[in-house]
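The values are calculated or read from the model by the stated rules, or taken from the named source; none is laboratory data. It should be emphasised that the depicted structure is a prediction, and the values quoted were computed from it without experimental measurement. Cβ placement follows ideal geometry from the backbone for every residue including glycine, while neighbour counts extend to all protein chains displayed. Only protein heavy atoms, including side chains, enter the accessible area calculation; ligands, DNA and RNA are left aside. Shrake-Rupley method; radii C 1.70, N 1.55, O 1.52, S 1.80 Å.
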Amino acid sequence: MAIRCFVLDDEPLATDLMQDYIGRLPDLELVGVCNSPTKGLQMLQQLQVDVVFLDIQMPRLTGFDLLRPLGYRPKVIFTTAFREYALESYEFDVLDFLVKPISFERFLQSVGKIYRFSPNPAAPQELPQAVTPVREYQYFKVDKEMVKLFLDEILWIESLKDYVRLHTRSGPLVSYLRISYLEEKLPPDRFIRIHKSFIISLDHIQAISANYIRINNQEIPIGRIYKARLDKQLQNTTDPGAI
């Protein structure tokens, strides 16, 4: 399901730029654009959007003033030419703070915070039985792109200090992320850390020994301090009918 976006800025050139950026990403749906804060507030109350790209300093009504009476809390990415508002903006628990002029690369970093680990924010609580569940995916920054990666494509993850190498069915990808961050955010019923440098997919295990796990014919070492948790996880997920 697409992420519903709204752009509110009193500068037409700024809204034009954000429309262009949003249009480049297929999983973002632009549902509204406005240059008037008062009219924009009315539209936001009617549309119930997922994300607002919101200017702060506007005539008659600031971005902060607009959020208070809104009635619901969409994710907010503030856009402004004034750096002095940065500290105040965090009182609203915003997703990100973009200082104009905004490059596409910096825009992608903000969008990554929407995509990453929240693949389908507007998904219903239950799917009808006749509907096939959507494959879970996340976006990872690879070079200057946000790459969409289905979780069932990930075999294992290798730490490279401030980066990780994602070993996938179609080959490796390197992304700017710490392995400790992924350990917290990936589904614990599908992924587990087995070493200070490795997280594995439980779905892709081929074989297990006392010292390593084999995935895709590669032996991945098991760290001593992680072994007890791994054993417990494997015991919980083992099919009682398996031999």
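Where helices (runs of 4 or more DSSP H) sit wholly within region 1-69, those with at least 1 residues that are among the hydroxyl-bearing types (Ser, Thr, Tyr) and within 25 Å of Tyr137 (Cβ to Cβ) occupy 12-23. Within region 1-16, the set of residues being in contact (Cβ under 8 Å) with a residue 24 or more places away in the chain and open to solvent by 60 Å² or more (accessible area, probe 1.4 Å) comprises Met1, Arg4, Glu11. Take the conditions over 25 Å from Ser110 (Cα atoms), open to solvent by 70 Å² or more (accessible area, probe 1.4 Å) and part of a strand (DSSP E or B) and apply them to Arg214. Does it pass? Here the answer is yes, as Arg214 does meet what is asked. Selection of region 45-60 for residues being under 16 Å from Ile22 (Cβ atoms) and of a type in the set (A, V, I, L, M) yields Leu47, Val49, Val51, Val52, Leu54.
Among the residues of region 190-211, the ones that are open to solvent by 30 Å² or more (accessible area, probe 1.4 Å), over 16 Å from Ser159 (Cα atoms) and in a strand (DSSP E or B) come to 1 in all. Just one residue in the set Lys185, Lys196, Lys148, Lys141 is in contact (Cβ under 8 Å) with a residue 60 or more places away in the chain and touching a strand residue (DSSP E or B) at 6+ places or on another chain (Cβ under 8 Å); that residue is Lys148. The requirement of being surrounded by 20 or more Cβ atoms within 10 Å (Cβ to Cβ), in contact (Cβ under 8 Å) with a residue 60 or more places away in the chain and over 20 Å from Lys113 (Cα atoms) is fulfilled nowhere in region 159-176; no residue meets it.
Got at least one residue in region 4-11 being closer than 21 Å to Lys100 by Cα, of a type in the set (Lys, Arg) and either under 18 Å from the mean Cα position of the chain (by Cα) or modelled with pLDDT under 90 (or both)? No.
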